[in-house]
1. Of everything in region 118-143, what is touching a helix residue (DSSP H, G or I) at 6+ places or on another chain (Cβ under 7 Å), under 17 Å from M173 (Cα atoms) and without any contact (Cβ under 8 Å) to a residue 40 or more places away in the chain? Give them in sequence order.
2. Taking S36 as the residue in question, decide whether it is within 17 Å of R184 (Cα to Cα), more than 16 Å from the ligand (Cβ to nearest atom) and in contact with an Asp or Glu (Cβ under 8 Å, 6 or more places away or on another chain).
3. Working only within region 33-73, note down all residues that are over 14 Å from the mean Cα position of the chain (by Cα) and either surrounded by fewer than 18 Cβ atoms within 10 Å (Cβ to Cβ) or part of a strand (DSSP E or B) (or both).
4. One residue is enough: does region 112-126 have a residue meeting the conditions acidic (D, E), within 14 Å of the chain's Cα centre (by Cα) and either closer than 16 Å to P49 by Cβ or outside any loop (DSSP other than H, G, I, E, B) (or both)?
5. Give me a count of the residues in region 79-111 that are in contact with a helix residue (DSSP H, G or I) (Cβ under 9 Å, 6 or more places away or on another chain), outside any loop (DSSP other than H, G, I, E, B) and surrounded by fewer than 17 Cβ atoms within 10 Å (Cβ to Cβ).
6. Filter region 137-165 down to the residues that are in contact with an Asp or Glu (Cβ under 9 Å, 6 or more places away or on another chain), over 19 Å from V106 (Cα atoms) and assigned to a helix (DSSP H, G or I) and list them by number.
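Laboratory data are not the source of any read-out in this text; all were calculated from the coordinates shown. A quick note: this is a predicted structure, and the numbers were derived from the prediction, not measured. Here the Cβ positions follow ideal geometry from the backbone for every residue, glycine too, while neighbour counts run over all protein chains shown.
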Amino acid sequence: MSGKLAASTGADGLRSINILTQSPMAATSPAPALTSVLFVCLGNICRSPLAEGVFRHLVEEAGLSDQFEIDSAGTGSWHVGERPDARSILVAEQHGVGLDSRGRQVRSADFADFDYIIAMDRDNLHTLERMRDGEGSHALIQLLRSYEDKPDSDEVPDPYYGGASGFENVYKMVRRSCKGLLHRLRAE
Ligand code: 4NP
């Protein structure tokens, strides 16, 4: 046990030594409150890993890593355990962002564990709303592009069956939206 020793004399005249377990720092520097954000798409290999990586990058640039818990997941289970799609990894790399997630499926505990669950499209949003089951599930479920300034659509389109230009387009809208999301969360 770490602590500080403090000697005192009791009413019986005997000296006793107490160990003060709380450090002076603990009283003056409380840990910052954590905000937890889960990005969700269908497969968790294209869009949501990109959103997770871009948002983490922006948070790191802002020096706020100790204030955020960031993750991503899919409503489907086809790609559990897999690295992100090579085209997402490539477009992220081209913009200086590393992606290191592994595919996982949304689980019921996510609705209690996360403050924000951010969906890429309306299908994901409706699936999440159906999955949520009452008790303790306080997460706000929202569309990522609701944080973009003047978006041309409220959805991040699924680029899985398209070409590389679709991934660049997705990267750009994800970045604009993640900047808006971070701006909003910092203001809270
Ligand atoms: P994502 O894209 O939802 O952005 O990860 C998809 C990836 C895989 C599939 C669908 C969408 N899939 O059907 O396997």
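1. Result: L143, single match.
2. Numbers: within 17 Å of R184 (Cα to Cα): yes; more than 16 Å from the ligand (Cβ to nearest atom): yes; in contact with an Asp or Glu (Cβ under 8 Å, 6 or more places away or on another chain): yes.
Yes, satisfied.
3. Passing the criteria: E61, A62, G63.
4. Yes, because at least one residue in region 112-126 is acidic (D, E), within 14 Å of the chain's Cα centre (by Cα) and either closer than 16 Å to P49 by Cβ or outside any loop (DSSP other than H, G, I, E, B) (or both).
5. Final tally of qualifying residues: 2.
6. R145, S146
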